[in-house]
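Take a look at the structure set out below.
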Amino acid sequence: MGKIIAEQLVDYLVEAGVKRIYAVTGDSLNYLNDAVRKDGRLKWIHVRHEEVGAYAAAAEAELDGIACCAGSCGPGHVHLINGVYDAHRSHVPLIVIASTVNTIEMGMDYFQETNTYKLFDDCSCYNQLITTAEQAPRVIQTAIQHAISQKDVAVIGLPGDVSEMDAKTGNNAEKFFFTNPIVRPNNKELAEIAQLLNDSDSTTIFCGIGAKDARQEVIALAETLQAPVGYSFRAKMGIQYNNPYEIGMTGLLGQPAAYHSMHDSDVILLLGTDFPYDKFIPADCTIIQIDINAHRLGRRGKIDFAACGDIKDTLTALIPLLNKKESDKFLQKHLEMHEKTKSHMQSFIEDQGEENAIQPEFVAHTLDKLVARNAIFTVDTGMSCVWGARFITDTGQRELLGSFNHGSMANAMPMAIGAALAHPERQIIAMCGDGGLSMLLGDLATIKQYNLPIKIIVFNNRSLGMVKLEMEVAGLPDNETDMINPDFAMVAAAMGFRGVNVHKPNEVEPAILDALNHPDPVLVNIFTNPNALAMPPKVEWEQVKGMTQSMTKLMLGGKMDEVWETIKSNYKHIKEL
């Protein structure tokens, strides 16, 4: 017997390097599910919620270059959307199989019918519906090639009746092309960039994710220019390690050295970054931007010169055109500021907190100290993201994944699932907020079902911590940000794996060590200080005024205890002001 289209799709996915399909099976997906079962080369990962499947697949795609998730008609599509949006905004190659109602029912307001074109168009680079057997191989091949080449989401709409049609050969390639062209500015553009850098007495280099694979070239550039190197959160794990010129991050999660270096510069060189926080970019200096995607040039700041190029290729061609700077005065000034910042951060680590108010900085530092040099971290959006940004360090082998562009809650645990399945040989650490974990708590059962040795570290501050801070700096008393949580350790136990509650600072290190040494999944529920704040690299007067106003409103509302705890927990920030 010949193959059906569902089996043909499996062949194409395997050829592209896909290892797993993350999905909740049912209805229009059942023929694909059966094709996966019979073929045996792919693994169907049964998540409890399609959003988790999309996040898990996105994590695998970021780590390994391709992955796949699927959703059945109607609600299955809608559940996928948040994770698919995250993959789209993070520019990772993700295949989405959106199975849908039979073709004869389309346009009839049928049970669970959704319009896949309208639903997925805003979060994909390719989005097509297969309606005939002749069309199927061409759409499948084109979709996968789009995902690979554009590093983006490609959606294949697959009606249930089409899945079971007899497959036909198309007039298209039955393989995929993972190209790696050399892309750099032309010689005239390189000469202009070199002239601007040669004429500058004070240059700051700021790297984004596009520079992650060019660490050695960035270091060589910094040495030539005697320039400090800042970086975005996504670039941290590529740029920080063994880099004598690094001065940390700027932006909402950053610290002072990179901010001040950029504002003291004659020239800022932006490499592979689409930095969204324009308030942190000065407007009174020369800014050069280089990015592989030309459509991103100039949209985030007042760019004076821009060019299109891969950062590694571009720097390889640019560095020979530069004059070696003799003076390191500007560099040393900002390296010293960065050292002072790191010394100040030590005070947050040394102050471990107290019972049920453990300092989250201390927890993150302890994690950083104890986990493997090649661990993969996932961080929830919110305060967990802050502690990961500031206290998890690069070793040259670690990876750190998060919802850095889309900014969704609840991403860390699902991403850890994808990372653990793709890389069972590495430690996987999910740094979860209690708010984020609560959103998708059901997929702890997925972790148990596949016995994934993920270590879930819950920064349990009993609140939506980042939202609380946002309200306070705006001058508002926080309202409805508190959380009455279940006992997460008991929830883990109910799911079938070990859960541990940590109430005291001296319990943190033993609990984390025990979790790391345990071969199966472990959830460590740490009761952190709900009043710990994260100061940005530049504190504006309006923020100080807003915080003062919110504290005053809390006092007038009879919440003096909360005001006192906030002050007591954050007195160390006075040095930063």
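The values are calculated or read from the model by the stated rules, or taken from the named source; none is laboratory data. All figures in this text were calculated on a predicted structure; none of them were measured in a lab. For neighbour counting, all protein chains shown are included, and Cβ atoms are generated from backbone atoms with ideal geometry for every residue, glycine included. SASA here: full protein model, heavy atoms, side chains in, ligands and nucleic acids out. Shrake-Rupley method; radii C 1.70, N 1.55, O 1.52, S 1.80 Å.
For Met262, the criteria (1) more than 30 Å from His146 (Cβ to Cβ); (2) open to solvent by 10 Å² or more (accessible area, probe 1.4 Å); (3) part of a helix (DSSP H, G or I) hold in every case but one, which is (2). Taking Asp274 as the residue in question, decide whether it is free of Cβ contacts under 8 Å to residues at least 12 places away in the same chain and either outside any helix (DSSP H, G or I) or buried (at least 17 other Cβ atoms within 10 Å of the Cβ) (or both). For Asp274, the condition - free of Cβ contacts under 8 Å to residues at least 12 places away in the same chain and either outside any helix (DSSP H, G or I) or buried (at least 17 other Cβ atoms within 10 Å of the Cβ) (or both) - is not met. Residues in the stretch 11-42 that are charged (D, E, K, R), touching a residue at least 60 places away in the same chain (Cβ under 8 Å), more than 23 Å from Pro75 (Cα to Cα) and not in a helix (DSSP H, G or I): Lys19 alone.
Of the helices (runs of 4 or more DSSP H) lying entirely inside the stretch 133-206, those containing at least 3 residues that are open to solvent by 90 Å² or more (accessible area, probe 1.4 Å) span 187-199.
Among the residues of the stretch 342-394, those identified as part of a helix (DSSP H, G or I), open to solvent by less than 10 Å² (accessible area, probe 1.4 Å) and among the β-branched types (Val, Ile, Thr) are Val363, Thr366, Val386. Residues that are in contact (Cβ under 8 Å) with a residue 24 or more places away in the chain and open to solvent by less than 50 Å² (accessible area, probe 1.4 Å) within the stretch 277-292 comprise Phe280, Thr286, Ile288, Ile290, Asp291, listed in sequence order. In the set (1) within 24 Å of Ala167 (Cα to Cα); (2) surrounded by fewer than 24 Cβ atoms within 10 Å (Cβ to Cβ), His49 fails one condition alone, (1).
Condition check for Ala430 on (1) open to solvent by 10 Å² or more (accessible area, probe 1.4 Å); (2) closer than 18 Å to Gly83 by Cα; (3) among the aliphatic types (A, V, I, L, M): one failure, at (1).
Assess whether Ala211 counts as being of a type in the set (A, V, I, L, M, F, W, C), touching a Phe, Trp or Tyr at 6+ places or on another chain (Cβ under 9 Å), open to solvent by less than 20 Å² (accessible area, probe 1.4 Å) and touching a residue at least 12 places away in the same chain (Cβ under 8 Å). Can you show your working first?
Values: of a type in the set (A, V, I, L, M, F, W, C): yes; touching a Phe, Trp or Tyr at 6+ places or on another chain (Cβ under 9 Å): yes; open to solvent by less than 20 Å² (accessible area, probe 1.4 Å): yes; touching a residue at least 12 places away in the same chain (Cβ under 8 Å): yes.
So Ala211 passes the test.
Before we move on, is Asn323 within 23 Å of Gly402 (Cβ to Cβ), surrounded by fewer than 17 Cβ atoms within 10 Å (Cβ to Cβ) and not basic (Lys, Arg)? No; evaluated as a whole, the condition is false for this residue.
The residue pairs whose first member lies in the stretch 155-184 and is free of Cβ contacts under 8 Å to residues at least 40 places away in the same chain, whose second member is outside any helix (DSSP H, G or I) and open to solvent by 20 Å² or more (accessible area, probe 1.4 Å), and whose beta carbons are closer than 6 Å, counting only pairs six or more residues apart or on different chains, are Lys168/Glu134. The residues on offer are Lys553, Lys575, Lys568, and the sole one that is in contact with a helix residue (DSSP H, G or I) (Cβ under 7 Å, 6 or more places away or on another chain) and either of a type outside the set (Lys, Arg) or modelled with pLDDT under 95 (or both) is Lys575. Restricting attention to the stretch 381-401, the residues being within 12 Å of the chain's Cα centre (by Cα) and at pLDDT 95 or above number 3. In the stretch 401-424, the residues that are in contact (Cβ under 8 Å) with a residue 12 or more places away in the chain never reach a residue that is open to solvent by 20 Å² or more (accessible area, probe 1.4 Å) and among the small types (Gly, Ala, Ser) with C-beta atoms less than 7 angstrom apart, at least six apart or across chains.
Against the list (1) open to solvent by 70 Å² or more (accessible area, probe 1.4 Å); (2) assigned to a loop (DSSP other than H, G, I, E, B); (3) of a type in the set (Val, Ile, Thr), the condition Thr316 fails is (2).
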